[in-house]
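Enquirer: The structure under discussion is supplied below as structure tokens; questions concerning it will follow.
Just so it is clear, none of the values below were taken in a lab; they were calculated from the coordinates. It should be emphasised that the depicted structure is a prediction, and the values quoted were computed from it without experimental measurement. No Cβ is skipped: glycine too gets one built from the backbone with ideal geometry, and neighbour counts run over all protein chains shown.
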Amino acid sequence: MTKDLDFSLADRKAELLRWLSEDGRFAPDTAGLLEMLCEKLTVLGAPIARATVHVRTLHPEFRGISRIWRRGQSTEFRTSRHGIESTSDYQNSPLQYVIETGQWLDTVLSEATDRRFPILATLRAQGITHYVMAPLIFSNRIVNAISWGSDAPSGFREADVELFRYLVPTFAPVLEVTAGRRIYGELLATYVGRDPCARIMAGAVQRGNVHHIKAAMLLADLRGFSRLTDELPEQRIIELLNAFFDLVVPGVIGSGGDILKYIGDAVIAIFPVTGDDPALACESALVAAQTTLAALQASPPEVQQHISIDIALHYGDAAYGNIGSGNRLDFTAVGRDINILSRLELLCKDVGRPLLMTGAFAAEVAAPVFEIGHFELRGFRQHKSLYGLCQGGEVPAAPTWTDGA
């Protein structure tokens, strides 16, 4: 009998290792990997009702991500924010125990485990009888975790737990690679934007690897920034810059644009044209601009006291891709139309309007606009006609010709 059980366990181990090396490592993401693992363990006889993986990440908002698998349900995705270590959800939890001690937790649920780990009382109420959590140590020595819960009356068998212990050392590097694809993609997107991230991850990494796009372009600038740096302490300047970006970025992202670059106290965003009609891209950029200005109007007085925003909108062409030197590149957009955008923004203060657009942009939006006048843009020979957005019952003044800028 014992000999047959040993042989059966040996077969289960061999099959699990075969699956992990041939199929599991090609899982598309951590959710897919966890789902495939639980399906395989179930086929191998482990009575799993619930399983989780918890992985540290590199993200400006989140400390970690969790995937929760429940038999017969869709896998759930959760995030934990920075500072979770000080919360009641983390303290006195199995996750804290495993991560801080590096030890396995293998326990049959009871009133005693309820008192020690309050979250286990919730799982026990859901029918979980046996709970196992294991540390997953990545190559950078950061401790992550995986858990399994059984709703079988007698819980997991000793052979099931031995199978889990056999699995963990080989599963950890597969999970690290799988999670790493998401982690490093999100990290790259944090600094260069979503579309540049996708292109870089797809192999666009050589200097000069650029392509030409048509796009609506938005530049938002914090007016009077030099004066603020002269009047306020550095920490307050950082707070105001972040407040300014919080006013601009959500509108851009929400309208389908990409933040191309932060330049000191300014933001450049693009809305690439798909197909042959630029109207959708321009409308999206205009919505982003209006959302930003509305957010400023709704912001607290202490923000409005220091922050005024100038926004320029333009439609045109750009060279989009890798520019730089050696192994230090920037994925950005350059060209004549990007320069027109930056020169246009400088006129907002002179004209006395927070939002200006070029004729090329104005021609593509349905909102009522009016021509402000013809202006010289520094560095460009030809004057440009500039437009503003009609507000309410505003009666536009006659266009003017200005040699300013």
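Enquirer: Please give the residues of the range 272-306, grouped as numeric ranges, whose backbone N is less than 19 Å from a label point set 7 Å along the Cα-to-Cβ vector of ARG236.
Expert: 300-306
Enquirer: Arranged by the count of other C-beta atoms within 10 angstrom, fewest first, what order do HIS54, HIS212 take?
Expert: On the way: HIS54 22, HIS212 11.
Placing the least packed residue first, the sequence is HIS212, HIS54.
Enquirer: Could you identify which residue out of GLU302, GLU15, GLU371 has the top mean-square fluctuation in a GNM of the chain using Cα springs shorter than 10 Å?
Expert: Sorting by GNM fluctuation, first place goes to GLU302.
Enquirer: Now, a different point. At 37 °C and 0.692 mPa s, what whole-number value in µm²/s does Stokes-Einstein give for the translational diffusion of the range 118-229, with Rh from the Kirkwood sum over Cα pairs? Walk me through the numbers before you get to the answer.
Expert: On the way: Rh = 19.3 Å.
So the translational diffusion coefficient is about 170 µm²/s.
Enquirer: Which cross-chain or sequence-distant (5 or more) residues have an amide H under 5 Å from the amide H of ASP29, H modelled 1.01 Å from N in plane?
Expert: Result for ASP29 returns nothing.
Enquirer: Then there's this: Under 37 °C and 0.692 mPa s, how fast does the range 206-402 diffuse according to Stokes-Einstein, given a Kirkwood radius computed over C-alpha pairs? Answer in µm²/s, whole number.
Expert: Numbers: Rh = 17.5 Å.
After rounding, the answer is 188 µm²/s.
Enquirer: Of all DSSP beta bridges in the chain, what percent run antiparallel (nearest 5)?
Expert: On the way: 70 of 76 bridges.
Roughly 90 percent of the beta bridges in the chain run antiparallel, per DSSP.
Enquirer: Report the rotationally averaged projected area of the range 2-192 based on its alpha-carbon convex hull, in square nanometres. Provide the component values of the computation, followed by the final result.
Expert: Details: hull surface 45.6 nm².
In nm², the orientation-averaged hull projection of the range 2-192 is 11.4.
Enquirer: Roughly how compact is the range 9-95, stated as its Cα Rg over 2.2 N^0.38 Å to two decimals? Walk me through the numbers on the way to the answer.
Expert: Numbers: Rg = 15.2 Å, N = 87, 2.2 N^0.38 = 12.0 Å.
That ratio works out to 1.27.
Enquirer: If you wrap the range 217-257's Cα atoms in a convex hull and average its projection over all directions, what's the area in nm²?
Expert: Values: hull surface 12.3 nm².
Over all viewing directions, the range 217-257 projects a mean Cα-hull area of 3.1 nm².
Enquirer: Residue by residue, what Karplus-based ³J(HN,Hα) values in Hz, rounded to whole numbers, does the range 200-208 have, using 6.51, -1.76 and 1.60 with θ = phi - 60° and x for Gly and Pro?
Expert: In residue order, the calculated couplings are 5, 5, 7, x, 7, 10, 8, 4, x Hz.
Enquirer: Taking amide H positions as placed 1.01 Å from N in the peptide plane, with prolines and chain starts having none, which residues 5 or more places from GLY64, or on another chain, fall under 5 Å of its amide H?
Expert: When sequence neighbours closer than 5 places are left aside, the close amide H contacts are THR57, SER80.
Enquirer: With a 10 Å Cβ neighbour count serving as the proxy for reagent exposure, in which order, fewest first, do MET217, MET201 appear? Write down the numbers at each step before the final one.
Expert: Values: MET217 29, MET201 14.
Going from sparsest to densest Cβ surroundings: MET201, MET217.
Enquirer: Counting only residues 5 or more places away or on other chains, whose amide H sits under 5 Å from the amide H of ILE372 once H atoms are built in the peptide plane?
Expert: For ILE372, the qualifying residues are LEU386, TYR387, GLY388.
Enquirer: A further question follows. Lysines near LYS13 by alpha-carbon distance under 22 Å, same-chain residues fewer than 8 away left out - which ones?
Expert: In chain and number order, the partners are LYS3, LYS40.
Enquirer: Same structure, new question: Points 7 angstrom from Cα along the Cβ direction at SER86 and TYR184: gap in nanometres?
Expert: Each label point is offset 7 Å from its Cα along the Cβ direction, giving 3.3 nm.
Enquirer: How far is it, in nm, from the label point at PHE245 to the one at SER226 when both lie 7 Å from their Cα along the line to the Cβ?
Expert: 2.3
Enquirer: In nm, give the distance between the simple-model label positions of LYS13 and ILE323, each being 7 Å from the Cα along the Cα-to-Cβ direction.
Expert: 5.9
Enquirer: Rg to Rh ratio, the range 135-294, alpha-carbon atoms and Kirkwood radius?
Expert: Working: Rg = 23.6 Å, Rh = 20.0 Å.
Using Cα coordinates only, the ratio equals 1.18.
Enquirer: Starting from the exponent 0.38 and prefactor 2.2 Å, build the expected Rg for the chain from its residue count and divide its actual Cα Rg by it. Spell out each step's value before the answer.
Expert: Details: Rg = 28.4 Å, N = 405, 2.2 N^0.38 = 21.5 Å.
The value comes to 1.32.
Enquirer: Assuming 0.36 nm per residue, please report the length gained on full extension of the stretch ASP114 to GLU39 beyond their Cα-Cα distance. Could the numbers behind the result be given before it?
Expert: Working: separation 75, 0.36 × 75 = 27.00 nm, distance 2.85 nm.
Contour length minus the Cα-Cα distance gives 24.2 nm.
Enquirer: For the range 63-175, what percent of Cα pairs sit more than 17 Å apart? Write out the running numbers ahead of the final one.
Expert: On the way: 3725 of 6328 pairs.
That tail contains 59 percent of the Cα-Cα pairs.
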